[in-house]
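Encoded as structure tokens, the structure appears first; notes follow it.
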Ligand code: G3I
């Protein structure tokens, strides 16, 4: 599918009008994103209020073993290459969403949320951009137009976007990409503002590697995020790629995640792998299992660590051997889709059983054991309303739904009455009905099941005028 359009101003301006309220009014702490896989690591993660995802490559989805494992184990996906600039805007103003659309449809059909990757990056950048010789204002327009089109195309369908990827060097200085050398430091904030305007419901992330421990690079990113929060630049999260070497997980990983979370952003491990010198042997695989266990626990121990994504389903298709000669075997499933000890390392961290799936295991049929929904059986939930952004006549809110009872629930209904005639224009991660001031939101197909104490969120944008008061009470009923 090719589209040839230049689109920008209207929504950009609306988004840029986001007030300083954006930085201060986020009351609730978002935890869960959404989906629950039929079985597997995604389900274990969801029970802890996190997601567990994988990079997904469209060209492998036709292989049944690949798709079976991907759909069984993961409740979040990141397109490995399909949403990058070279794929989405190979020539100026010509947009191609074929691969990205296929990933999104597959994810939607399997109850998986999607992390968009990535809008602005020096790599996989077509030469018409990197070698175009544009001046600052033209390249800024080109970047804004790219973001407006690509993020606009996926508006409302993605959980998050990696807005800017790998903009720093290891010493903490800015990478001399064409965006940096032509536009200067301001390009990153400009990109985030354009992304917010194009898709107000996506969480906006800065994403990088070698920032997992406290070091010069992570501190430079930390200082940028801190400044963005102070200046009202719309950033919601930081992605730590976590391309690790066997036995070299930084000892301060958890502390580093926590210091970013303390700035008021979500954090996530976004591209995890743990590479080893090949061939693998049982000692290395055991070490790798411990490494995966450690990194999973680091995320679990940080409330605002929303989830973990591994960078591929199987060792066979990992990027590692192509780039690091003599290294490989970095993922949870081997070349034959057998789960590795690393799988058990993750599963144990989530409190799962030690058994790992057999390679031939097909996805379990349906979550048929639907619990009884009779009242008075400990099924209860609570809902917390948070105003996230507010501008001119628009606003964005987020509601956190928590299972506050002693039993698992299989669905929830949240209701409230708007005090000032607000109307919802778009809602995600739930199903909406609004009648006058009365709002009812039921769970989406993928986020109704919540274990005791687990939580999920839904969000929406709406219109207001005069006053934008917060509902005095928000009710939740669990089923
Ligand atoms: O699409 C072409 C295909 O037409 C051609 O026949 C083939 C021949 O080599 O190449 C294909 O492109 C490859 C592309 O992946 C799609 O498969 C590129 O050569 C190859 O370089 C590219 O590698 C990707 C790499 O990013 C590029 O930088 C990896 O799959 C992908 O896993 C990797 O992911 C990055 C993250 O986006 C950012 N963080 C680091 C991470 C690992 O490098």
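Which helices (runs of 4 or more DSSP H) sit wholly inside region 4-83 and have at least 2 residues that are at pLDDT 95 or above?
Working: elements: 9-16, 21-24, 41-47, 64-73.
Once the helices (runs of 4 or more DSSP H) in region 4-83 are filtered for at least 2 residues that are at pLDDT 95 or above, what remains is 41-47, 64-73.
Give me a count of the residues in region 315-352 that are assigned to a loop (DSSP other than H, G, I, E, B), farther than 13 Å from residue 296 by Cβ, within 16 Å of the ligand (Cβ to nearest atom) and in contact with a strand residue (DSSP E or B) (Cβ under 8 Å, 6 or more places away or on another chain). Full working, then the answer.
Within region 315-352, the subset assigned to a loop (DSSP other than H, G, I, E, B) is 318-319, 324-326, 329-332, 334-338, 340, 350-352.
So of that shortlist, the ones also farther than 13 Å from residue 296 by Cβ come out as 318-319, 324-326, 329-331, 334-338, 340.
Okay, now just the ones that are also within 16 Å of the ligand (Cβ to nearest atom), so 318-319, 324-325, 329-331.
Filter again for in contact with a strand residue (DSSP E or B) (Cβ under 8 Å, 6 or more places away or on another chain), leaving 318, 324, 329-331.
Here the count works out to 5.
Checking each residue in region 270-295 for being touching a helix residue (DSSP H, G or I) at 6+ places or on another chain (Cβ under 6 Å) and touching a residue at least 60 places away in the same chain (Cβ under 8 Å) picks out only 274. Determine whether residue 223 is surrounded by fewer than 23 Cβ atoms within 10 Å (Cβ to Cβ), modelled with pLDDT of 95 or more and either assigned to a loop (DSSP other than H, G, I, E, B) or within 16 Å of the ligand (Cβ to nearest atom) (or both). Taking the combined requirement at face value, the residue does not satisfy it. Summed over region 430-469, the residues that are over 26 Å from the mean Cα position of the chain (by Cα), buried (at least 16 other Cβ atoms within 10 Å of the Cβ) and outside any strand (DSSP E or B) give a count of 2.
Taking the criterion of being assigned to a helix (DSSP H, G or I) and touching a helix residue (DSSP H, G or I) at 6+ places or on another chain (Cβ under 7 Å), the residues of region 226-268 that qualify are 228, 229, 253, 254, 256, 257, 259, 260. Contact map, region 165-181: residues that are at positive phi paired with residues that are away from the ligand (no atom under 16 Å from the Cβ) and part of a helix (DSSP H, G or I), Cβ distance under 6 Å, separation 6+ or inter-chain. Pairs shown: 172/216; 172/220. Remark: pairs (first residue in region 312-323, under 15 Å from residue 73 (Cα atoms) and at pLDDT 95 or above; second residue near the ligand (Cβ under 8 Å from one of its atoms) and not in a helix (DSSP H, G or I); Cβ separation under 7 Å; 6+ apart in sequence or on different chains) = 312/55; 312/318.
Within region 400-429, being assigned to a strand (DSSP E or B) and farther than 19 Å from residue 199 by Cβ holds for 400, 401, 402, 403, 409, 412, 413, 414, 415, 416, 417, 423.
Would you pick out the residues in region 331-353 that are buried (at least 17 other Cβ atoms within 10 Å of the Cβ) and either at pLDDT below 95 or closer than 19 Å to residue 115 by Cβ (or both)? Result: 331, 332, 346, 352.
So which residues in region 283-314 are more than 16 Å from the ligand (Cβ to nearest atom) and part of a loop (DSSP other than H, G, I, E, B), if there are any at all?
Start the filter on region 283-314 by keeping residues that are more than 16 Å from the ligand (Cβ to nearest atom), which leaves 283-307.
Matches in region 283-314: 301, 302, 303, 304.
One residue stands out in region 188-209 among those that are surrounded by fewer than 24 Cβ atoms within 10 Å (Cβ to Cβ) and farther than 19 Å from residue 260 by Cβ: the one that is nearest to the ligand (Cβ to nearest atom), namely 190. Determine whether residue 136 is away from the ligand (no atom under 16 Å from the Cβ) and touching a helix residue (DSSP H, G or I) at 6+ places or on another chain (Cβ under 9 Å). Against the criterion (away from the ligand (no atom under 16 Å from the Cβ) and touching a helix residue (DSSP H, G or I) at 6+ places or on another chain (Cβ under 9 Å)), residue 136 qualifies. Taken over region 239-273, the criterion of being under 24 Å from residue 325 (Cα atoms) and more than 16 Å from the ligand (Cβ to nearest atom) is satisfied by 246, 247, 248, 249, 250.
Restricting region 86-121 to residues that are out of contact with any strand residue (DSSP E or B) (no Cβ under 8 Å at 6 or more places or on another chain) and within 15 Å of the ligand (Cβ to nearest atom) leaves a set whose member that is nearest to residue 164 (Cα to Cα) is 86. Listed by first and then second residue, the pairs with beta-carbon distance under 6 Å, at least 6 apart or on different chains, first residue in region 116-136 and at pLDDT below 95, second surrounded by fewer than 12 Cβ atoms within 10 Å (Cβ to Cβ), form an empty list.
The values are calculated or read from the model by the stated rules, or taken from the named source; none is laboratory data. All figures in this text were calculated on a predicted structure; none of them were measured in a lab. Backbone-built Cβ (ideal geometry, glycine too); neighbour counts: all protein chains shown.
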